[in-house]
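Report on the following structure.
Rule-based calculations on the coordinates, nothing more; no lab input. Just so you know, these numbers come straight off a predicted model, no measurement behind them. Every residue, glycine among them, receives a Cβ derived from its backbone with ideal geometry; neighbour counts consider all protein chains shown.
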Ligand SMILES: *Cc1c(COP(=O)(O)O)cnc(C)c1O
């Protein structure tokens, strides 16, 4: 899975370009930067790779979500539909925007169930944020249709699924905006970084300004630039962007390796009738960072996860018990344990997440295990891994 497994001279060269000029800032200093614009180059190359109109690189995937929400006009009092299986950043960004997260069930795609989204839409719903979990896609065509028909904005959290496609079109490019993360464990990494992509120039321009205090980035005298809107600082540094640029150029290779490694393991596991696989709306577009599967019931799943770990099959995740990726363990959200009052808490009847029940999602997550697919495995390591996995599945 993560690009950090294949750091090399390419990353080193890009970082040294930046250190050699000493210009660590992504804007200005045109005369002394020797033509190096790492953030700018990354943005250009990512738009080409994803065949999308615009890209703005920023400091994290979490920042990308905040920027995307703001740039699509989502804020105080709005409801935003999100899944209960995601990384906490998705609902954090909604809360920090002053909006209210509304959780709708997932299905066996491990992503939002379009029917559940339809039911969750209220007059206050302004956006739906599907999360393309574990390297693969939600039913993005159906979700887009629902949003279009209801006049609701679609924003994709594609932080875990760079390179994934649906019917040939890049995940992240279906909505009004799409978000990516390049944190240390994502498909490619900037150490810390993120991106907002869009096909709408107005969304891009707002994103570009919002993430840098409202600067319009016109001309080359920062002090004389205009500020059209209020913003904040979600900028990325040239050092981070340099690492990401080298990584981005390895993306095709990363995807090819992941897909090959995943295929042999999946083929071997398919021989076990108790194992069923995550539903993939377009299997060819899976970025293959994970192999996710279901066991028949919660007890068997927990036992399988334990046995896999004991057999030395590392990188297996039983998300149902994980503190960060499924709502069941989000005690801080359920208690609204906040550092300071959030705008949502000014509402008369803000949701009590502690009482929220999502039995359909529980039934799916209780049976799901995801296995990380690594880039650095040798053929021999993969064969040994398959042997161990089959041993465990036989014994269960
Ligand atoms: C990693 C991740 C984020 C946040 O990205 P950071 O760069 O770590 O801030 C958001 N959503 C999902 C689904 C993620 O996996």
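Go ahead and run the numbers for FRET between residue 115 and residue 233, Cβ-Cβ distance against an R0 of 41 Å, rounding to 0.05. The formula returns an efficiency of 0.55 here. Annotation for segment 279-309 versus segment 111-166: alpha-carbon center distance of 22 Å.
The convex hull of the Cα atoms of segment 148-269, projected and averaged over all directions, covers 10.5 nm².
What share of Cα pairs, in percent, lie more than 31 angstrom apart in segment 3-250? Considering segment 3-250, 22 percent of its Cα-Cα pairs are separated by more than 31 Å.
Put in line by how crowded their Cβ is, counting other Cβ atoms within 10 Å and starting with the fewest, 294, 91 read 294, 91. Counted by neighbouring Cβ atoms within 10 Å, the residues 350, 180, 293 run from fewest to most as 350, 293, 180.
Please report 302, 12 as a ranked list, fewest other C-beta atoms within 10 angstrom at the top and most at the bottom. Could you put the intermediate results ahead of the total?
Values: 302 17, 12 13.
Lowest count first: 12, 302.
Highest mean first, the peptides 319-328, 115-124, 60-69, 203-212 sorted by other C-beta atoms within 10 Å per residue fall in the order 60-69, 203-212, 319-328, 115-124. Over the chain, DSSP H runs of length four or greater, each weighted -39,500 (n - 2.57), average out per residue to a 222 nm ellipticity of -11000 deg cm²/dmol.
Divided by 2.2 N^0.38 Å, where N counts the residues, the Cα radius of gyration of segment 273-346 comes to 1.52.
Sequence gap at least 6, Cα distance under 8 Å: using those rules, report the relative contact order of segment 1-148 to the nearest whole percent. If you can, show how the numbers build up before the last one.
Values: 170 pairs, mean separation 24.1, N = 148.
Taking the mean separation of contacting Cα pairs over the length of segment 1-148, I get 16 percent.
Comparing Cα centroids, segment 325-388 and segment 1-78 end up 28 angstrom apart.
Over all directions, the projected convex hull of the C-alpha atoms in segment 242-396 averages 12.9 nm² in area. The packing ranking of peptides 235-241, 32-38, highest mean first, is 235-241, 32-38, where packing means the average number of other beta carbon atoms within 10 angstrom of each residue.
Where both partners of a DSSP beta bridge lie in the chain, what percent of those bridges are antiparallel, to the nearest 5? That works out to approximately 65 percent antiparallel.
Take every pair of alpha-carbon atoms less than 8 Å apart whose residues are at least six positions apart; their mean separation over the length of segment 252-395 yields a relative contact order of 37 percent.
Taken over segment 17-66, the alpha-carbon convex hull comes to 98 cubic angstrom per residue.
Centre-to-centre, using Cα atoms only, segment 188-209 and segment 232-255 are separated by 12 Å.
Can you give the relative contact order of the chain as a percent, counting alpha carbon pairs under 8 Å and 6+ residues apart? Intermediate values should be presented prior to the final figure.
Values: 829 pairs, mean separation 82.8, N = 396.
The normalised contact order for the chain reaches 21 percent.
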